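Asker: My structure is below; once you've seen it, I'll send some questions.
The values are calculated or read from the model by the stated rules, or taken from the named source; none is laboratory data. On a predicted model such as this, the values are computed, not experimentally measured, just so you know. Here the Cβ positions follow ideal geometry from the backbone for every residue, glycine too, while neighbour counts run over all protein chains shown.
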Amino acid sequence: MKVLVINCGSSSIKYRLIDLRNDRVLTDGEVQRIGEGESRLQHRWTDALGEARQLARSEALADHEEAFRAIEAALRTSGSMSELETVAAIGHRVVHGGEAFQAPALIDDATVAGIREVCALAPLHNPANLTGIEICLALFPGVPQVAVFDTAFHHSLPPQAYRYAIPDAWYTEHQVRRYGFHGTSHAYVARQAADYLQQAPAALNLITLHLGNGASAAAVRAGRCVDTSMGFTPLEGLMMGTRCGDIDPAMLFHIRRATGADMDELESALNTESGLKGICGVNDMREIQQRADAGDAAALLAIDMYCYRIKKYIGAYCAVLGRVDALVFTAGIGENSALVRQRACEGLDALGIVVDDARNTADAQPPFEIQADGGSVRLLVIATNEELEIARQAAACIEGQS
Ligand code: ADP
């Protein structure tokens, strides 16, 4: 079964055609900077001789429809259209499913209306996701399409974890609660961890740490998420590339009174000028580590803060879960930064979390383990693959329908 996965953002479209018989990527690519003058298209495929090929082009693409047409042209050039003709489903990443969507949903009028209803909760993402869905409905009539929600894995949170201690009406009338994000990634690595450990998901308690540009932690009991660090929006929780993570909301009142900054400026500062970038000026962990190696005090502080915050969440989720079988590191930083893994686990021996330096710094490809002999918690490094998870969930959804 072949599934086309679409991740349509406000100024970008990523696509990947996956053959689920062997999890092979048949073709993939992305268009970036849509509507920003010069857009950039990259398209990758394997030719008839088995050679990896790539096409890169810059052109003005005014909107998502033009971008989809450019993708279609690239697919024709690479001879991939015939593969698309046999696609069994299209899986769309949708950032916010609100309280209504607790699982992947076959796209029909009711699903589209439901996604539109939660646009107010994710004004930057859901409208773009919907645009992608609507264009694909027109481009591929008759192909079943499925919405896979970033929030869905967290629907199992109990009220004590998802409610905030705020006026009740903020929740009942305005839907303010913890939703959690990165759910597709947490779900994928939790299952991969179970496979790796050769255990049923139901037998395991896990802490999953998605450390990419965005970052979040999840406490997973017996395959079900019971708490997660991102909240009403992806701003809460761990320190991120450019997002602040946990803060005292009262600082906003202070900054507003002190500087006159308006809501949009405050929102933008916390989303795009904070996190690692706020502390040391850059958000790329590789560059920060290089600067830290050269003795840069701001970079050293940024790493200290970043790892300290992860450590606090590990401690909190150990308390939430009671027993932890494994801790899972994933995404760009989790998979690649031995320094962050080591610093985040430092001093947690009493919890059974002990990193082995040689295993942690070995040049291994995930999946691999980094715990010291005698540590009771398995420490796993697992590569995330959100597109594959979306493809699998989309396929399961249409199989469930038929
Ligand atoms: P996104 O959330 O955009 O998908 P990624 O999961 O690709 O992001 O993670 C990007 C982050 O991973 C960046 O901060 C990057 O510097 C970091 N990263 C990638 N490779 C390494 C590495 N070898 N060492 C340290 N950090 C790395």
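Asker: Would you please list the contacts, defined by Cβ atoms under 6 Å and residues six or more apart or on different chains, that run from a residue in the range 278-293 that is closer than 19 Å to residue 235 by Cα and within 12 Å of the ligand (Cβ to nearest atom) to a residue that is assigned to a helix (DSSP H, G or I) and of a type in the set (D, E, K, R)?
Answerer: Matching pairs, first to second residue: 283/277.
Asker: Same structure again: Given the residues 382, 370, which is the only one that is within 22 Å of the chain's Cα centre (by Cα), at pLDDT 95 or above and of a type outside the set (Lys, Arg)?
Answerer: Only one candidate passes the filter, namely 382.
Asker: Having 3 or more residues that are of a type in the set (A, V, I, L, M, F, W, C) is the bar; report the strands (runs of 3 or more DSSP E) wholly within the range 1-99 that clear it.
Answerer: Per the criteria, 2-8, 13-19, 24-32, 52-59, 89-94.
Asker: Just checking, how many residues over the range 184-210 are outside any helix (DSSP H, G or I) and surrounded by fewer than 24 Cβ atoms within 10 Å (Cβ to Cβ)?
Answerer: The initial filter retains those residues of the range 184-210 that are outside any helix (DSSP H, G or I), namely 198-200, 204-210.
Checking the rest, the ones that are also surrounded by fewer than 24 Cβ atoms within 10 Å (Cβ to Cβ) come to 198-200, 204-205.
Qualifying residue count, the range 184-210: 5.
Asker: Looking at the range 310-343 only, could you name the residues that are more than 24 Å from residue 386 (Cα to Cα) and not β-branched (Val, Ile, Thr)?
Answerer: Across the range 310-343, the qualifying residues are 311, 312, 315, 316, 318, 319, 321, 322, 323, 339, 342, 343.
Asker: Name every residue in the range 357-385 that is surrounded by fewer than 17 Cβ atoms within 10 Å (Cβ to Cβ), outside any loop (DSSP other than H, G, I, E, B) and within 13 Å of the ligand (Cβ to nearest atom), in order of residue number.
Answerer: Matches in the range 357-385: 361 only.
Asker: Look at residue 178 and say whether it is touching a Leu at 6+ places or on another chain (Cβ under 7 Å), more than 16 Å from the ligand (Cβ to nearest atom) and not aromatic (Phe, Trp, Tyr).
Answerer: Numbers: touching a Leu at 6+ places or on another chain (Cβ under 7 Å): yes; more than 16 Å from the ligand (Cβ to nearest atom): yes; not aromatic (Phe, Trp, Tyr): yes.
The answer is yes for residue 178.
Asker: Here is a follow-up. Within the range 13-26, can one find any residue that is of a type outside the set (D, E, K, R) and under 15 Å from residue 135 (Cα atoms)?
Answerer: Checked the range 13-26: at least one residue is of a type outside the set (D, E, K, R) and under 15 Å from residue 135 (Cα atoms).
Asker: To continue, here is another question. Scan 259, 242 and give me the residue that is among the polar types (S, T, N, Q), more than 19 Å from residue 181 (Cα to Cα) and either under 19 Å from the mean Cα position of the chain (by Cα) or away from the ligand (no atom under 12 Å from the Cβ) (or both).
Answerer: Answer to the selection: 259.
Asker: Within the range 190-207, identify whether any single residue is within 13 Å of the chain's Cα centre (by Cα), modelled with pLDDT of 95 or more and within 16 Å of the ligand (Cβ to nearest atom), and answer yes or no. Show your work before the answer.
Answerer: Let us first name the residues in the range 190-207 that are within 13 Å of the chain's Cα centre (by Cα), namely none.
No - not one qualifying residue is present in the range 190-207.
Asker: Being aliphatic (A, V, I, L, M), over 17 Å from residue 236 (Cβ atoms) and within 16 Å of the ligand (Cβ to nearest atom) is the filter here; which residues of the range 303-347 pass it? Give the derivation first.
Answerer: Here is the first cut: in the range 303-347, the residues aliphatic (A, V, I, L, M) are 303, 305, 310, 314, 316, 319-321, 324, 326-328, 331, 333, 338-340, 344.
Now narrow it down to the ones that are over 17 Å from residue 236 (Cβ atoms): 303, 319, 321, 324, 326-328, 331, 333, 338-340, 344.
Across the range 303-347, the qualifying residues are 303, 328, 331, 333, 338, 339, 340, 344.
Asker: What about residue 142, is it in contact (Cβ under 8 Å) with a residue 24 or more places away in the chain and at positive phi?
Answerer: Answer is no for this residue.
Asker: Would it be correct to say that residue 166 is over 16 Å from the mean Cα position of the chain (by Cα) and more than 30 Å from residue 69 (Cβ to Cβ)? If you could, list the steps in order and put the result at the bottom.
Answerer: On the way: over 16 Å from the mean Cα position of the chain (by Cα): yes; more than 30 Å from residue 69 (Cβ to Cβ): yes.
Yes.
Asker: Okay, moving on. Checking residue 148 against (1) in a loop (DSSP other than H, G, I, E, B); (2) over 30 Å from residue 48 (Cα atoms), which test does it fail?
Answerer: (1)
Asker: Also: If I ask for residues that are part of a loop (DSSP other than H, G, I, E, B) and either touching an Asp or Glu at 6+ places or on another chain (Cβ under 7 Å) or charged (D, E, K, R) (or both), which ones from the range 151-174 would you list?
Answerer: Hits for the range 151-174 are 157, 163, 173.
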